[in-house]
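First the structure, in the form of structure tokens, and then the observations on it.
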Amino acid sequence: SKAEMRHTCRGTINLATANISVEDSCNFIISNGGAQTYHLKASSEVERQRWVTALELAKAKAVKMLEESDDSGDESVSQTDKTELQSTLRTLSSKVEDLSTCNDLIAKHGTALQRSLSELESLRLPADSTEKIKQVNERATLFRITSNAMINACRDFLLLAQTHSKKWQKSLQHERDQRIRLEETLEQLAKQHNHLERAFRGATVLPAGTAGSGGSAKDPCCSAKGDLSDEDDDNEFFDAPEIITMPESMGHKAGPNTAPCPLPHPPRRTGSNISGTSSDISMDEQYKHQMEDTKKEKRTRIPYKPNYSLNLWSIMKNCIGKELSKIPMPVNFNEPLSMLQRLTEDLEYHELLDRAAKCESSLEQLCYVAAFTVSSYSTTVFRTSKPFNPLLGETFELDRLEENGYRSLCEQVSHHPPAAAHHADSKHGWTLRQEIKITSKFRGKYLSIMPLGTIHCVFHASGNHYTWKKVTTTVHNIIVGKLWIDQSGEIEIVNHKTGDKCNLKFVPYSYFSRDVARKVGTGAPCGLPAGEARGSARGPLSPQVTGEVMDPAGKVHFLLLGTWDEKMDCYKVAAGSGDNGAEGRQRPHEAEDSRVPLWKRNQLPKYAENMYYFSELALTLNAPESGTAPTDSRRRPDQRLMENGRWDEANAEKQRLEEKQRLARKRREAEAARATEDGTPYDPYKPLWFERKKDPVTQELAHVYRGGYWESKEKQDWSGCPDIF
């Protein structure tokens, strides 16, 4: 554009005014007729002619664009923008025509009025009447002049709008082009970065001289990196999540350690025909059929994740700085579990609380509670997909009373801000309850997830009541590179009965840390490729979590060391090491004989990388069960469709459910507004199984289980449940 031409870099030649001449068989000259001249040499006469032809065509295009810019001031815009502009101008023109018609009518009726007034003046009337008629005549003339002025002003406005709208359109199109160029550049950079990253990984995992030999590993728990790189080449750099998927039977090489999918599920499809032909069986019938299959034993497999590419940046670029819970996302970014089910996963290591309930010492009990707190983050190690946002009133139960001695219930008690209440009881003598509000912000390079709310754990025998809050979870490399998760912050666990405390510190990974990054290929859980199990982009080798367990006087009795994704150990501080245990804290590894392993992460199931990196517990959470409430997450249709690999149908179903929820919310708002106007009482939305109370310990308002769910389940009386699906 002309604006850009004023700011070109030194050495630029404007093609529209350039002189292109041939010197000999291989040389040609480009000049602007002034100080700038380029002598260029091609490798052959054919090559020279190709360049000259291309430059002449570009010059012709530049001249044409310059002429169009000079004539109309308008650049090439999209057909949609042109149509919209023309439609607006047509509307303005029609309005001005209407005003012109009104003006003609006013002029016509005004003339008739003046004629009538003139006739009145010619009649023999009292002097007062004649004076009044003259005044009316003058006002009618003034009104007609004003009307004409108004019409002229409208015409001027239309002319001005027609002139300037083209300039505005030109500026807008320029900004759009700039944005598109910036996005394309960023995308290209990210692709190059990803390609270099893959090349580097391939070079480090398969050194020179070993490629092509020893490709088949005997251990089924490992995976050949070389085979996977062939599959990665065609994938977008920002697939979310960036997980190694099952190779397809067509178009990809199958690795030597690739297992067939153990469950029957719809065949994978690519391109726009993802959904394929939908089944004739209704969702309810499918649910019943699956429920019968899972009655006998807990499932250990789910349909493998399809290999569908999706441009993450195309969606996330509009989300920077926004609250993600308010932004509609396709299921391609999700995992087939809801946030309520993810919350229930906190109970994966419930045996830590079982052991804590048996402790006679409150300080020892606090060590196990701290280990339980850390263990809840271990399920997030490779889980870079987001769970489904629960609908208001959605519930999830997990009844493991017979197998593990506990049962749990979650309910979505608020939608904006999203909040879920959770209550779990164990026959081993403990109760866990929490209300968590999730806030999240996308910062461009990373995504921060901040859980707000207090977690309570009460032991029945001793009456010890513990509370703590969660730390911030950060998902890195949203745009470029491999997604990885880190936890950071501090947790203070307080025993409100005895005053004992435990301070846990989650050390975030730092690029400037002196600690050695974790080695690739050590400690890989069964079913995961070694390089994926401990990637170099993970945190440092030194302990990521440190903690001190102290009495009310502040004296440290136990030290906790470990990592939130691996294990936690406890060290007893030796007596006589100072009032505050300073010396003991300085050399915990010297007291190896006092080390007590508190917790170690369970290995992931075989081929977990193809099943969203779900743990054994997570694989069972969405399995259909009989007798659950109609609001249970297992009955959510979009989540079930996504689990079965029918993502197009799942996206359509997700939109339907969200629209249904929006209409219900608007209906409640309208009822509230009517009640306010009429002065009649209005009952706001209340959760079915939880009620909001002031907690006597923390003095916070929180949703507490009111009871009745398990009794309703026993009677199969779900009459109070809302219709949300």
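The values are calculated or read from the model by the stated rules, or taken from the named source; none is laboratory data. This structure is a prediction, so every number in the text was calculated from the model and none was measured. Note that each Cβ is placed from the backbone with ideal geometry, even for glycine, and that neighbours are counted across all protein chains shown. Heads up: the accessible areas ignore ligands, DNA and RNA and are worked out on the full protein's heavy atoms, side chains in. Shrake-Rupley method; radii C 1.70, N 1.55, O 1.52, S 1.80 Å.
A few points about this structure:
- Residues in segment 696-725 that are in a loop (DSSP other than H, G, I, E, B), touching a residue at least 60 places away in the same chain (Cβ under 8 Å) and not hydroxyl-bearing (Ser, Thr, Tyr): VAL697, GLU700, GLN716, TRP718, CYS721, PRO722, ASP723, ILE724, PHE725.
- Here is the figure for segment 426-439: residues that are assigned to a strand (DSSP E or B) and surrounded by fewer than 19 Cβ atoms within 10 Å (Cβ to Cβ) total 3.
- If you go through segment 486-521 and pick out every residue that is surrounded by fewer than 14 Cβ atoms within 10 Å (Cβ to Cβ) and at pLDDT below 55, you end up with 4.
- If the condition is being under 28 Å from the mean Cα position of the chain (by Cα) and without any contact (Cβ under 8 Å) to a residue 12 or more places away in the chain, then segment 667-681 contributes ARG667, GLU669.
- Filtered residue count, segment 387-425, keeping only those that are buried (at least 21 other Cβ atoms within 10 Å of the Cβ) and without any contact (Cβ under 8 Å) to a residue 60 or more places away in the chain: 1
- Filtered residue count, segment 446-455, keeping only those that are within 24 Å of GLU187 (Cβ to Cβ) and open to solvent by 40 Å² or more (accessible area, probe 1.4 Å): 1
- Some residue of segment 682-705 being open to solvent by 70 Å² or more (accessible area, probe 1.4 Å), more than 21 Å from ALA420 (Cα to Cα) and not polar (S, T, N, Q): yes
- Where a residue in segment 120-144 is at pLDDT below 75 and its partner, wherever it lies, is small (Gly, Ala, Ser), with Cβ under 9 Å and at least six apart: LEU120/SER129; LEU123/SER129
- Residues of segment 120-159 satisfying the condition of being within 60 Å of the chain's Cα centre (by Cα), loosely packed, with under 13 Cβ neighbours inside 10 Å and among the β-branched types (Val, Ile, Thr): THR146
- The single condition among (1) at pLDDT below 95; (2) under 25 Å from GLY562 (Cα atoms); (3) assigned to a helix (DSSP H, G or I) that THR384 does not meet is (3).
- Extreme residue, surrounded by the fewest Cβ atoms within 10 Å (Cβ to Cβ), among residues of segment 456-485 that are aliphatic (A, V, I, L, M) and in contact with a helix residue (DSSP H, G or I) (Cβ under 8 Å, 6 or more places away or on another chain): ALA461
- Filtered residue count, segment 492-508, keeping only those that are under 13 Å from GLN544 (Cα atoms) and of a type in the set (A, V, I, L, M): 2
Each row is one residue, and each column tells you yes or no for (1) within 46 Å of the chain's Cα centre (by Cα); (2) hydroxyl-bearing (Ser, Thr, Tyr); (3) at pLDDT 70 or above.
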| residue | (1), (2), (3) |
| --- | --- |
| MET5 | yes, no, no |
| CYS9 | yes, no, yes |
| HIS39 | no, no, yes |
| GLU56 | no, no, yes |
| ASP71 | no, no, no |
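- Checking every residue in segment 32-50 against the condition of being within 24 Å of LYS64 (Cβ to Cβ) and β-branched (Val, Ile, Thr) gives zero matches.
- Qualifying residue in segment 678-689 (condition: assigned to a helix (DSSP H, G or I) and on the phi < 0 side of the Ramachandran plot): yes
- Hits in segment 16-37 - residues which are among the small types (Gly, Ala, Ser), modelled with pLDDT of 80 or more and out of contact with any Phe, Trp or Tyr (no Cβ under 8 Å at 6 or more places or on another chain): ALA16, ALA18, SER25
- Residue in segment 209-225 that is modelled with pLDDT under 75 and not in a loop (DSSP other than H, G, I, E, B) present: yes
- Pair list, Cβ under 9 Å, 6 or more apart: segment 645-666 residue within 13 Å of MET329 (Cβ to Cβ), other residue open to solvent by 40 Å² or more (accessible area, probe 1.4 Å): LYS654/PRO328; GLN655/PRO328; GLU658/PRO328; GLU658/ASN389
- Against the criterion of being closer than 30 Å to GLY444 by Cβ, surrounded by 11 or more Cβ atoms within 10 Å (Cβ to Cβ), under 60 Å from the mean Cα position of the chain (by Cα) and not assigned by the TED database to the domain that holds ASN477, GLU175 does not qualify.
- When segment 326-356 is filtered for residues that are open to solvent by 30 Å² or more (accessible area, probe 1.4 Å) and part of a helix (DSSP H, G or I), the ones remaining, listed by number, are LYS326, MET339, ARG342, GLU351, ARG355.
- When each of ALA650, ALA618, ALA672 is tested for being over 30 Å from ARG407 (Cα atoms), assigned to a helix (DSSP H, G or I) and open to solvent by less than 40 Å² (accessible area, probe 1.4 Å), the lone residue that passes is ALA672.
- Residues of segment 419-467 classified as modelled with pLDDT under 95, touching a strand residue (DSSP E or B) at 6+ places or on another chain (Cβ under 7 Å) and among the aromatic types (Phe, Trp, Tyr), total: 1
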